[in-house]
1. Would you mind getting me the FRET efficiency between residue 220 and residue 106? Use the beta-carbon distance for r and R0 = 22 Å, nearest 0.05.
2. If I stretch the segment between residue 42 and residue 18 completely, what's the gain in nm (0.36 nm per residue apart, minus their alpha carbon distance), one decimal?
3. Say R0 is 22 Å: what FRET efficiency, to the nearest 0.05, do residue 61 and residue 142 get from their beta-carbon distance?
4. Evaluate the distance, in nm, between pseudo-label points positioned 7 Å from the Cα of residue 205 and of residue 30 along their respective Cα→Cβ axes.
């Protein structure tokens, strides 16, 4: 029996999970794990208190030969994403240590967020890649795309991290919406609305600023763009 399998767990980043409120993590084993909404007609292994989560939302499975955990969306009504990217129902998605799993995507934001971890060791002793101190208490890990506020990791979706990193790398400079679109949304040829960029900036501020003892700001300079003053 693999050590990684026995130690693997899901850390609850966002949302209300039945029976795990104080623990904050869901142990994983060699059996399939069904995650879904609490209801009178269904009893998933992990019960989520959220009306936007489907009764049978996702299933996690373990392959003993490869030592790999995989995620399957079971045709959920409001969808599932891994690291900010939507998954297709019925298709297996292998999980990597540190992956964020978002359930029930409403107005572009997941209602529930779980983080897959192979073991306590990977959680307690992350790699020491390239880290940048952005502000008092705020650190960006540009290599593995992680954000820490006062030593605690916070959740940003992939696009939000890319936007924060772009503004950081151009700190003090006004970045136009076209520059942001061409860089952060390069995979869709820069096709993104100003409102989407604005919403992403709002999500970044909401995630990182409450924990900072000396908050700074992403300044909106209409109609020119945005400037990071951290």
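FYI, it's all coordinate maths here, none of it is from the lab. Being a predicted model, the structure only gives us computed values, none of them experimental. Reconstructed Cβ throughout: ideal geometry from the backbone, glycine too, with neighbour counts over all protein chains shown.
1. Numbers: r = 25 Å, r/R0 = 1.12.
Taking R0 as 22 Å, the efficiency between residue 220 and residue 106 is 0.35.
2. On the way: separation 24, 0.36 × 24 = 8.64 nm, distance 1.37 nm.
Taking residue 42 through residue 18 to full extension adds about 7.3 nm, to one decimal.
3. Values: r = 33 Å, r/R0 = 1.49.
Calculated transfer efficiency: 0.10.
4. 5.2
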